[in-house]
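> Here's a structure for you.
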Amino acid sequence: MVHDSVIISFSIYFLLGLFPLALDIPYTKALPKGIGWIKKTTQTNVGSISVSAAIAGSSNGQRVVFIHGSPGEAGVWAGFLANVPKGFEFVAVDRPGFGRSITSEPTNSLQSQAQALRPFLYTADNRPVLVVGHSFGGCIAATLAALYPDRVAGMLQVAGLLNPYGQETRLVQYVVYLPPFRWTFKQYLFNSNAERMDLGDELKWLEPKLAHIKIPVTIFHAKNDRSVAFHNVSYMKKRLGSKDITLKIYSGDDHFLPWSQEPDIRTAIKRLSSKVHPKLEQP
């Protein structure tokens, strides 16, 4: 059952005209029973941050770190965690401010979020990981790849949001901070609104660093995406330093590719792993 306050919050989002945020509310699913959880606490440039993540698969396998959008949580990737291929370890994080990593204050800085996720880039065999980012999670994945090139071997952008141009903060978004709206909004929605308000400046901070991303990249995007515009694809092709970029474009789909195109994403993960670790046996 959906809590009344959530329904009220969503209604206010629509009434205030915060459609981009309302449209990006994910189809979070229940995680498989018995799923494992790990928690990492690290020091960032804004202080100590604790992040929880769901984990499944082989501890000796190729780690893939899944990063959800805004708002969202690890359950977005429930389908992937329920069936991890042989030779892989899937880790789905709850980003700072969401899910089990909920905080009373948002973490708006891309650098701080990447610093908070850095511990998940280290594995038992010290093998570099793959990162998969959906929507807002795409710019977090790119920040990880840019800041920690020795720890990220490949990147998948699924309806990724990286283009800073056209990011506008609406006047009504400031209303969220005022009573009675601040009392009504669920904390994760407040955090989502806050990080989106700063996103334009944060993406401009990230822009010059994208040229340093030399790893193989796969980009999934739908032409009809109403939440993250299709121009993000051309922006990534122009700005990323990688010479190995694979595009997968959908004409009749929308923003929620992790659900509608799960088989294709799984295939892309295996292919990317084969590229970056060709000597490893891929199932």
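The values are calculated or read from the model by the stated rules, or taken from the named source; none is laboratory data. Nothing here was measured: the structure is a model prediction, and the numbers come from that model. Glycine gets a Cβ as well: all are built from the backbone with ideal geometry, and neighbour counts include every protein chain shown.
> Could you go through the range 158-179 and let me know if any residue there is surrounded by 15 or more Cβ atoms within 10 Å (Cβ to Cβ), under 17 Å from VAL91 (Cα atoms) and in contact (Cβ under 8 Å) with a residue 40 or more places away in the chain.
Yes: the range 158-179 contains one or more residues that are surrounded by 15 or more Cβ atoms within 10 Å (Cβ to Cβ), under 17 Å from VAL91 (Cα atoms) and in contact (Cβ under 8 Å) with a residue 40 or more places away in the chain.
> Do we find that LEU144 is over 21 Å from GLU262 (Cα atoms) and either out of contact with any strand residue (DSSP E or B) (no Cβ under 7 Å at 6 or more places or on another chain) or modelled with pLDDT under 95 (or both) in this structure?
It is false that LEU144 is over 21 Å from GLU262 (Cα atoms) and either out of contact with any strand residue (DSSP E or B) (no Cβ under 7 Å at 6 or more places or on another chain) or modelled with pLDDT under 95 (or both).
> Within the range 36-76, work out how many residues are farther than 23 Å from GLY154 by Cβ and not hydroxyl-bearing (Ser, Thr, Tyr).
Here the count works out to 11.
> Determine, yes or no, whether SER58 is of a type outside the set (A, V, I, L, M, F, W, C) and at pLDDT below 90.
Spelling it out, it is not the case that SER58 is of a type outside the set (A, V, I, L, M, F, W, C) and at pLDDT below 90.
> Residues of the range 60-95 being of a type in the set (Asp, Glu) and out of contact with any Phe, Trp or Tyr (no Cβ under 6 Å at 6 or more places or on another chain), which ones?
Looking only at the range 60-95, we keep the residues that are of a type in the set (Asp, Glu), and these are 73, 89, 94.
GLU89, ASP94, listed by residue number.
> Let me ask something else. Kindly indicate whether any position in the range 150-157 is at pLDDT 95 or above, among the small types (Gly, Ala, Ser) and closer than 25 Å to LYS186 by Cβ.
No, because not a single residue in the range 150-157 is at pLDDT 95 or above, among the small types (Gly, Ala, Ser) and closer than 25 Å to LYS186 by Cβ.
> Could you list, ordered by first residue, the pairs with Cβ atoms under 7 Å in which the first is in the range 195-209 and assigned to a helix (DSSP H, G or I) and the second is among the basic types (Lys, Arg), at least 6 apart or interchain?
Listed by first residue and then by second, the contacts come to GLU207/ARG239.
A quick yes/no check of all residues on (1) of a type in the set (Ser, Thr, Tyr); (2) over 22 Å from SER70 (Cα atoms); (3) touching a helix residue (DSSP H, G or I) at 6+ places or on another chain (Cβ under 9 Å):
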position: PRO180; (1), (2), (3): no, yes, no
position: GLU195; (1), (2), (3): no, no, yes
position: LEU199; (1), (2), (3): no, no, yes
position: ALA229; (1), (2), (3): no, no, no
position: ASP264; (1), (2), (3): no, yes, yes
